[in-house]
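The values are calculated or read from the model by the stated rules, or taken from the named source; none is laboratory data. What you see is a predicted model; the values in this text were computed from it and never measured. Quick reminder, even Gly has a Cβ in these numbers, built from the backbone with ideal geometry, and neighbours come from all protein chains shown. Each accessible area value is taken on the protein alone, full model and side chains, heavy atoms only, with ligands, DNA and RNA left out. Shrake-Rupley method; radii C 1.70, N 1.55, O 1.52, S 1.80 Å.
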Amino acid sequence: MSVTATNPILPGFYPDPSICAVGDDFYLVNSTFAYFPGIPIMHSKDLAHWEQIGNACDRESQLPLGDTGHSRGLFAPTIRYHEGTFYIICTNVSYGGNFIITAQNPAGPWSEPHYIEGADGIDPSLFFDEDGTCYYIGTHPNPAGCQYDGDWYIWIQELDIENMKLVGEVHNVWNGAMRNIIWPEGPHLYKIGEYYYIMHAEGGTGPDHAVTVCRSKNVYGPYENNFCNPILTHRHLGRKYPIRYVGHADLVKTINDEWYMVMLAVRPLEGYTTMGRETFLARVEWENDWPVVNPGVGRLTDTVEINLPKWTTYTAESNEYVFSTMGQLPPEFMVLRNADKSHYSLEKGKGLLMLFDTHTLKEQASPSYLAFRQKHHHFIAKALLDVSNLSEDKRAGIAYVQNNLYNLRVEVNGKMAEVILCEKGTDRRVISMPLQGSNPLEVSLEVSLEVDGLSAAVIIEGQKSPEVDIRTLSTEAAGGFTGCTVGLYAVADTENTDCACFKRFSYSEAL
């Protein structure tokens, strides 16, 4: 029996994937940057179908974010399992640096962070050797001094896992497969057969991204370059190729002793990337003790055949949320930074109550914004909103967010619906639609990417607005590491204790 996985296996804002296998279960984690809760925990039994079973950092004490920039916060987690314990090692580039959290159950709860003294740099990973010795591998500036931006080195040091302390000598082991390479990052260390392997990304997490590998019979090297490097990249396929930025990979072995690789990539359309970096899958075979990715193809494929039985009992996201019947928010929802939990509450029979907060999406703060990852190039997001307590100074609706400087907001004040486009931090009202008095009011945001560009339209009381050009809400214009999110938004001009009430929210692909 086999199952077919469709790429990307995790569509939308799921960057920097790391994966581990425990028996016939697979667990995968991703970066979340300034969003909270942090580090989604994804579970699968066939590598094709995935369900989110929790978030590793679901308490502010684990993940202080403060006024973190949109593309700061949590970078590149790695998940590993050893002798009954799950480990996630990660970098909070804004507060605290490199840390480890642990759990006996991957669904949580996860421990408070153990910050690792002396672990400079970013993108750490853990490796447990056959004798139980744990090694830390990460990347930091060239110890001899950086000669150019991105002149970094991969280093290894033993880690006392009981006390979460680095011990022994630092070994700078590798700085990339090619000359004058930039940003060797996301390294992972493996022992396969008689060799230790370092697999990492280089070239920067953009058009020149690539996966490379080296090996040694000693954990501290010297490491031998693979003459076939890079073992995976799309940078040679041109800027019009439908899948780009391929890199930041991790290996996993199934119970059938077959190997697969997860990695990030983007799917721009007409030159615009809105969903950010997504998680893809490829098959790996071994030749001459070197990994070969998708033999005979050498690039990512639309589908991957996996020699595992199809997992039929997984819980799929419905993306239809009737808040008045829910006891808690599902784990796929996020907020920006460390929002006060009292700002969000579910009331049976009524719906989701969101405080009219004075913080706006333009600030590096925690506005009342409940975010959902964009997963399709063409989508419709709908919200049913009670408008009875809306006014000119208390507004609610739907927001589509690339970052705090680039976003689109549909703000309903009870009499009007206004569409506001924020570019470079400056607001511009692009549409005003008078309301006919419906309550509750359904607000729909339709985003599409066609040959002539990226646009959005609003549908209220059966009226569809003119399309708004939102090409600036792409990675190419706005920059950064995150993909777009869409969700519910409430804002006020003055301090208050009132709440907007959302009855339901839905997200679907627009066919």
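Details
- Computed E for residue 461/residue 498 - FRET, C-beta separation, R0 25 angstrom, nearest 0.05: 0.55
- If R0 is 56 Å, the Cβ-Cβ spacing of residue 315 and residue 147 corresponds to a FRET efficiency of close to 0.65.
- Cα centroid of the stretch 126-178 to Cα centroid of the stretch 486-510, whole Å: 45
- Ranked by the mean number of other Cβ atoms within 10 Å of their residues, highest first, the peptides 459-469, 257-267 come out as 257-267, 459-469.
- Candidate lysines - alpha carbon under 22 Å from residue 348, same-chain residues fewer than 8 apart omitted: 382, 503
- Other residues within the sphere of radius under 12 Å centred on the Cβ of residue 478, judged by their own Cβ, net out at 0 (K and R +1, D and E -1).
- When nucleic acids and ligands are ignored and a 1.4 Å probe is applied, residue 253 ends up with an accessible area of around 90 Å².
- Bridging of residue 394 to aspartates and glutamates at a Cα separation below 12 Å is possible for 357, 411, 493, 495, 498, once same-chain residues fewer than 8 apart are set aside.
- Sites residue 4 and residue 25, calculated FRET efficiency, Cβ-Cβ separation with R0 25 Å, nearest 0.05: 0.80
- Residues of type lysines that residue 217 reaches as a straight line, Cα spacing below 27 Å, ignoring anything fewer than 8 places off in the same chain: 165, 191, 253
- Cα centroid separation - the stretch 285-303 against the stretch 46-65, whole Å: 30
- Each of 332, 224 has its accessible area taken with a 1.4 Å probe; listed largest first, they run 224, 332.
- J(HN,Hα) series, the stretch 79-96, from Karplus relation 6.51 cos²θ - 1.76 cosθ + 1.60, nearest Hz, glycine and proline x: 10, 9, 10, 8, 6, x, 10, 8, 10, 10, 10, 7, 10, 9, 5, 9, 9, x
- Helix-only CD estimate at 222 nm, as mean residue ellipticity for the chain, using -39500 (n - 2.57) per DSSP H run (n ≥ 4): 0 deg cm²/dmol
- Over the stretch 94-157: Rg over Rh, Cα atoms, Kirkwood Rh: 1.05
- Computed with the Debye formula from one identical point scatterer per Cα of the chain, without solvent, the log10 of I(q)/I(0) at q = 0.10, 0.11 Å⁻¹ comes to -0.77, -0.93.
- One way to sum up the overall shape of the stretch 204-253 is the equivalent ellipsoid from its Cα gyration tensor, whose semi-axes run 26, 11, 9 Å, largest first.
- At a probe radius of 1.4 angstrom, the accessible area of the chain per residue rounds to 39 square angstrom.
- If you take all other residues with their beta carbon under 10 Å from the beta carbon of residue 52, and give Lys and Arg +1 and Asp and Glu -1, the sum is -3.
- Computed over neighbours whose Cβ is under 10 Å from that of residue 181, the net charge equals -2, Lys and Arg +1, Asp and Glu -1.
- Surface share of carbon and sulfur [accessible, 1.4 angstrom probe, percent] for the chain: 47
- Exceeding the 25 Å Cα-Cα cut-off - candidates 240/464; 375/464; 415/464; 240/375; 341/362: 240/464
- In terms of accessible area, using a 1.4 Å probe and ignoring ligands and nucleic acids, 90, 499 rank largest first as 499, 90.
- A convex hull fitted around the alpha carbon atoms of the stretch 308-418 yields 153 Å³ per residue.
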